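Engineer: The structure is given below, and queries will be raised subsequently.
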Amino acid sequence: MTESVPVSDIARLVGDPSRANFLLALGDGRALPAGELAASAGVSASTASAHLAAMTQAGLLTCIRQGRHRYYRIASPQVADMLEAIMVVASASAPPTRSHVDPALQRARTCYKHLAGRLGVAMCDAMRAAGQIELADDTARITATGLALLDTLGLDAGRFRKHPWSRVCLVDWSERREHLAGPLGNAMHKRLLELGWVRAHLDSRAISVTRAGERGFRSTFGIDVALIAAHQPDTAAAGARSGSLTVT
């Protein structure tokens, strides 16, 4: 069989533990220096350099040069989607009696440039229940009610009036539910950061919700953030499927 796409080469690159750690560290869309990536994977600078060069050549990463420094980031949303899909499969194969998910990451985290985890799933559920988005397969259509929500949040809704379509990640790897991605998910995450509702962690993809965010999520989306935070990782996925744990 002729392989037009070197699938095995990509799988080999992603399958190496050090390179997988690089992708996980870059999963929130940030650009990081080689030294920081080497430290995250516990490898030497020379080993990290060789790995990063191979991943850049394969199109998994992009190298950004600033003076004498080089920064690396995930090359495209497709690479981020691939990483998320692998994590879904990996989490499904974990023993059912043990949780390998960091509770902070399960509560709220970034998935490339948008929100995921229980908070991301809850926000998607709330917007769908309020008729602000309509989901079909991996697509979210923003309704007139949704455009009004964007105006309320101080987002430029004009771009979405012209193109009212965005994407969803069909399966959140910890919650096994969909969350908003694409232009709408990215824009909302950026705006929530600007409003001070959420705060990124410097050394993790985890997201913290501020006091202002607790009030904002409750009044705008009907989401009880305290209820999300209180649930245990082993029971969260079942609760998210029922919708009874995250949206009030």
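The values are calculated or read from the model by the stated rules, or taken from the named source; none is laboratory data. What you are looking at is a predicted structure, and each value in this text was computed from that prediction instead of being measured. Backbone-built Cβ (ideal geometry, glycine too); neighbour counts: all protein chains shown. Remember, those area values only see protein heavy atoms, side chains included, never the ligands or the DNA or RNA. Shrake-Rupley method; radii C 1.70, N 1.55, O 1.52, S 1.80 Å.
Engineer: Here is a list: R141, R191, R128. Which entry is part of a strand (DSSP E or B), over 20 Å from S76 (Cβ atoms) and modelled with pLDDT of 95 or more?
Structural biologist: The conditions single out R141.
Engineer: For segment 179-197, which positions are buried (at least 21 other Cβ atoms within 10 Å of the Cβ) and hydrophobic (A, V, I, L, M, F, W, C)?
Structural biologist: If the condition is that a residue be buried (at least 21 other Cβ atoms within 10 Å of the Cβ) and hydrophobic (A, V, I, L, M, F, W, C), then L180, A181, L184, A187, M188, L192, W197 are the ones that fit.
Engineer: Inside segment 29-57, can you point out the residues that are in a loop (DSSP other than H, G, I, E, B) and under 13 Å from Y72 (Cβ atoms)?
Structural biologist: Matches in segment 29-57: G29, R30, A31.
Engineer: Next question. Please indicate, with yes or no, whether at least one residue in segment 83-103 is open to solvent by 60 Å² or more (accessible area, probe 1.4 Å) and either touching a Cys at 6+ places or on another chain (Cβ under 6 Å) or modelled with pLDDT of 90 or more (or both).
Structural biologist: Checked against the condition, which is being open to solvent by 60 Å² or more (accessible area, probe 1.4 Å) and either touching a Cys at 6+ places or on another chain (Cβ under 6 Å) or modelled with pLDDT of 90 or more (or both), segment 83-103 yields no hits at all.
Engineer: Look through segment 209-248, keep the residues that are part of a loop (DSSP other than H, G, I, E, B) and modelled with pLDDT under 50, and return whichever of them is nearest to G117 (Cα to Cα).
Structural biologist: T246
Engineer: Give segment 125-151 a look and list any residue that's hydroxyl-bearing (S, T, Y) and either out of contact with any Ser or Thr (no Cβ under 8 Å at 6 or more places or on another chain) or farther than 25 Å from R177 by Cβ (or both), or say none.
Structural biologist: Once the filter is applied, which keeps residues that are hydroxyl-bearing (S, T, Y) and either out of contact with any Ser or Thr (no Cβ under 8 Å at 6 or more places or on another chain) or farther than 25 Å from R177 by Cβ (or both), segment 125-151 yields T143, T145.
Engineer: A further question on this structure: Only one of C169, C111, C124 is of a type outside the set (D, E), surrounded by 21 or more Cβ atoms within 10 Å (Cβ to Cβ) and over 21 Å from V225 (Cα atoms); which?
Structural biologist: It is C169.
Engineer: So H69 clears everything in (1) under 26 Å from E175 (Cβ atoms); (2) open to solvent by 20 Å² or more (accessible area, probe 1.4 Å) except one condition, right? Which one?
Structural biologist: (1)
Engineer: Taking segment 58-91 as the search range and keeping residues that are in a strand (DSSP E or B) and without any contact (Cβ under 8 Å) to a residue 12 or more places away in the chain, which one is nearest to R167 (Cα to Cα)?
Structural biologist: For segment 58-91, the residue satisfying everything is C63.
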